[in-house]
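Beneath this line is the structure, given in structure tokens, with notes to follow.
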Amino acid sequence: MDVPGFLQWVQQVPGYQGQVVHRESLPPREPVHGELGRPLDALVEGRLRDLGLLPLYRHQAEAINVLYQGRHVVVATGAASGKSLCYQVPALEALAQDPSSRSLYLFPTKALAQDQLRSLRLLCGDLLPLRAAIYDGDSPPEVRLEARRTAHLLLTNPDMLHAGILPNHRSWSRLFRHLRYVVLDEAHVYRGIFGSHVANVLRRLRRVCHWYGSDPQFILCSATLANPRELAEALVGLPFAVVANDGSPSGGKAFVFWNPPLVNGGDRGRKSATAEAALLMGSLVRERVRTLAFARTRRQVELMYVAVRRQLAEEAPGLVSRISPYRASYLPEERRRIERALAEGKLLGVVSTNALELGIDIGDLEATVLAGYPGSVSSTWQQAGRSGRRQEDSLSVLVARDNPLDQYLMRHPEFFFGRPHEHALTSPQNPYVLASHLLCAAYEMPLTERDAALFGVAFQERVGALEREGALRKERGRWFLSPALHYPAQRVPLRSASSHTYTVVDRSTGALLEEVAEESAFFTLHPGAVYLHFGEPYLVEELDLKTRTAYVTSRELPYYTQCRDLTEIRVIRAWKETRFDGAQVCLGDVEVSNQVVGYRRRAHFTDETMGEEALGLPPLRFRTVALWFDVPQPLLESVRAKRLDLAGGLHGAEHAAIGVLPLFALCDRNDIGGVSTPLHPDTGKPQVFIYDGHAGGIGIAEKGYELVRELWAATLQVVEGCPCEAGCPACIQSPKCGNNNEPLDKQVAAMLLREFLGVGGAAARSAKGRS
């Protein structure tokens, strides 16, 4: 595409108000090739040469050489760098040398498995004998049976390995006996609660392999991370070599930071990122630029799609049918149809959640539009990298939302373009996660003392607790699963801390629309909520808590809904504590109680509040890990003497710190929560809490504790760098706040943060001037 021409045109249209705040020009990159330590198998080399895949890029050759040495490897390079050859070549070579060899490919999504099967068949052609099969929830029974019997390469996902293969390992004895390689593609996805579950599934896999006498090598492929070795070793529990020198070529890219204009001088914040991104996408599609847009939530995907459709209906009616929404919760046949249409060029534009962030082949795209920062540097580059994947110039636009994180990046683009990627965090020792997988492992074969080496230091404690609960029984030095707990894997979902889901049913037709995880059901499916499905609004008329069913009806509504919730937190025990300039910072166990108490109806695009309703849903309680800090006593006395708003300052500092924390830990804003209070009953002090949003914790609070001074410094920059006077969504306001963002005091928040950092004098003088 003509990137300079499009950007010049955009900046000349009547609605342009200086939204382009930064443009980074990324130059094209020439390929760097590498040498293998030994010759390839002749058939494999011939196919690679026929397909133009030789010579290998540097990182491909380096990864294969590591595997030749018998070590495990994690490859962490950019999007579209050809990482799949790092495992395809060794697997095919192993098969050429030993026809009984088996490899297991694990992908986080079914779509990726389908895409890789197509690539495998293209790579093998008619010359390489290969039996590869997908084994997932969409596979027909006859395909599953054939996969068990004959597949050299089995493509599946962690969920199916966990619930379908490992519990039935005796039916898969040929696979486990001859397993040579285990591949985890898109390994950066395995973080947080999902990664904690997958780490335990992989330990169960290693345990079963040992039983059958195999010792496979592990190959992990990831987007660029700050800690690829740490993540790989946490997931698998084995030492890894890292390959991170990307040798692949790439085209030039213009990466634009786009900050929506202020509304009424900033009193009402900024224009909606969803609306701005929709306008950009509509303009690109109208120019027939093949575009992929990303939105943070399913609701935003549907809203963007509706807005772009409306824009094209007015400006280019013939293109309305050439755009589509896409998200993971659509039925498999719908997802496949959209993927094919995009890859074949039948669609010019798609609006997606991060479901299309991963490496599915969707053809040559020229532009990507990101409606809001995806939550991590790694995900941002992954999404931006979906355009320009064929060494041609491309455009990526990050449209900022009106929140602390996005606005920080708009004011400090060097933080994004000049820093390493974040740390991916996972916690295999999470007591709730570990306990559930110990039960699954006991079903597969009795546990023994030797399993402590696999499952870690918490093994003995968790096994003892399960034995006391009657879930395990010990006989002759081995722990057996209680007969009452048959097939526990069916009750342990990997992508959620909860084992329950809520179904969404169209009351008028009885059709099942979607399933929603229990922990988010009260927030999105409460009575009165507007729920979007394929761009169509549905009103939630009833939420049946007993059957876990939400009954909805299709309605055209001029508003969306935003729930209000209240959170209480109790300290169980502190593990660690430290002091900075008089402020005490603690890390430890807490109990969180969260209750959805009401919701607001807000107008589309203007976000004006049209009404508010109360709800009577029960609270959800869970134990997790938090960091918390108090206020230095001299500052506390000064604030009280001057009658400043301490509660508003604590509340504002809490909101801003939570908004900034994802800059330091690879997590989503929804993975963390916070509470602030001028007097907490367990400490007797003013307190700010930041906690992991999943039972048992997933390592985010620990990372925040380790980097608390850096967190405070970035938070202070957000608060003081925002042009508003009293606080806005770009600094101290939060759309999730259950107290309707009251009280908030921006100047006291800055004063507190300065004191935490030991630069409180200037803030104190500022506060004195206000008194």
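Filter the stretch 175-196 for residues that are out of contact with any strand residue (DSSP E or B) (no Cβ under 7 Å at 6 or more places or on another chain) and at pLDDT 95 or above; which is most open to solvent (accessible area, probe 1.4 Å)? Looking at residues that are out of contact with any strand residue (DSSP E or B) (no Cβ under 7 Å at 6 or more places or on another chain) and at pLDDT 95 or above, I get Arg177.
Under the condition of being closer than 25 Å to Asp98 by Cα and in contact with a Gly (Cβ under 9 Å, 6 or more places away or on another chain), which residue from the stretch 129-156 is most open to solvent (accessible area, probe 1.4 Å)? Step through it out loud before you land on a result.
If we filter the stretch 129-156 for residues that are closer than 25 Å to Asp98 by Cα, which is where we start, we get 129-135, 143-156.
Then keep just the ones that are in contact with a Gly (Cβ under 9 Å, 6 or more places away or on another chain); that gives 135, 144, 156.
Details: Tyr135: 14, Arg144: 63, Thr156: 2 Å².
Checked the stretch 129-156; the qualifying residue most open to solvent (accessible area, probe 1.4 Å) is Arg144.
For the stretch 118-135, residues that are in contact with a strand residue (DSSP E or B) (Cβ under 6 Å, 6 or more places away or on another chain) and under 22 Å from Tyr330 (Cα atoms) total 2. Is there a residue being on the phi < 0 side of the Ramachandran plot, among the β-branched types (Val, Ile, Thr) and without any contact (Cβ under 8 Å) to a residue 60 or more places away in the chain anywhere in the stretch 175-197? The answer is no; no qualifying residue exists.
I'd like the full set of residues that are assigned to a helix (DSSP H, G or I) and over 27 Å from the mean Cα position of the chain (by Cα), limited to the stretch 267-283.
Going through the stretch 267-283, the residues assigned to a helix (DSSP H, G or I) turn out to be 273-283.
Within the stretch 267-283, Ser283 is the sole residue that qualifies.
Residues that are in contact with a His (Cβ under 6 Å, 6 or more places away or on another chain) and open to solvent by 10 Å² or more (accessible area, probe 1.4 Å) within the stretch 242-262 comprise Asn245, Asp246, listed in sequence order. Residues in the stretch 427-436 that are touching a residue at least 60 places away in the same chain (Cβ under 8 Å) and open to solvent by 30 Å² or more (accessible area, probe 1.4 Å): Pro431, Tyr432. Of all the numbered requirements in (1) touching a helix residue (DSSP H, G or I) at 6+ places or on another chain (Cβ under 7 Å); (2) open to solvent by 20 Å² or more (accessible area, probe 1.4 Å); (3) closer than 25 Å to Lys703 by Cα, Ser222 misses one, and that requirement is (2). Check the stretch 690-702 and report whether any residue there is farther than 30 Å from Leu434 by Cα, of a type outside the set (Phe, Trp, Tyr), open to solvent by less than 10 Å² (accessible area, probe 1.4 Å) and in contact (Cβ under 8 Å) with a residue 60 or more places away in the chain. Looking for residues that are farther than 30 Å from Leu434 by Cα, of a type outside the set (Phe, Trp, Tyr), open to solvent by less than 10 Å² (accessible area, probe 1.4 Å) and in contact (Cβ under 8 Å) with a residue 60 or more places away in the chain, one finds none in the stretch 690-702, hence no.
Among the residues of the stretch 327-340, is any within 30 Å of Ile658 (Cβ to Cβ) and open to solvent by 20 Å² or more (accessible area, probe 1.4 Å)? Please lay out each step first, then the result.
Step one: of the stretch 327-340, the residues within 30 Å of Ile658 (Cβ to Cβ) are 327-329.
Remaining after also requiring open to solvent by 20 Å² or more (accessible area, probe 1.4 Å): 328-329.
Yes, the stretch 327-340 contains a residue that is within 30 Å of Ile658 (Cβ to Cβ) and open to solvent by 20 Å² or more (accessible area, probe 1.4 Å).
If the condition is being over 14 Å from Phe294 (Cα atoms), open to solvent by less than 10 Å² (accessible area, probe 1.4 Å) and either of a type in the set (Asp, Glu) or touching a Pro at 6+ places or on another chain (Cβ under 9 Å) (or both), then the stretch 377-403 contributes only Val377.
For Leu635, state whether it is aliphatic (A, V, I, L, M), touching a Ser or Thr at 6+ places or on another chain (Cβ under 6 Å) and touching a residue at least 40 places away in the same chain (Cβ under 8 Å). Spell out how you get there, then give the answer.
Values: aliphatic (A, V, I, L, M): yes; touching a Ser or Thr at 6+ places or on another chain (Cβ under 6 Å): no; touching a residue at least 40 places away in the same chain (Cβ under 8 Å): yes.
Considered against the rule, which asks whether it is aliphatic (A, V, I, L, M), touching a Ser or Thr at 6+ places or on another chain (Cβ under 6 Å) and touching a residue at least 40 places away in the same chain (Cβ under 8 Å), Leu635 comes out as no.
Restricting the stretch 437-457 to residues that are open to solvent by 20 Å² or more (accessible area, probe 1.4 Å) and closer than 23 Å to Phe194 by Cβ, the residue that is farthest from the chain's Cα centre (by Cα) is Tyr443. Please determine whether any residue of the stretch 235-251 is more than 23 Å from the chain's Cα centre (by Cα) and assigned to a helix (DSSP H, G or I). No, the stretch 235-251 contains no residue that is more than 23 Å from the chain's Cα centre (by Cα) and assigned to a helix (DSSP H, G or I).
The values are calculated or read from the model by the stated rules, or taken from the named source; none is laboratory data. Owing to the predicted nature of the structure, the values given are computational and were not obtained by experimental measurement. Here Cβ is always computed from backbone atoms with ideal geometry, including for glycine, and neighbour counts include all displayed protein chains. The area values use the complete protein model at the heavy-atom level, side chains included, leaving out ligands, DNA and RNA. Shrake-Rupley method; radii C 1.70, N 1.55, O 1.52, S 1.80 Å.
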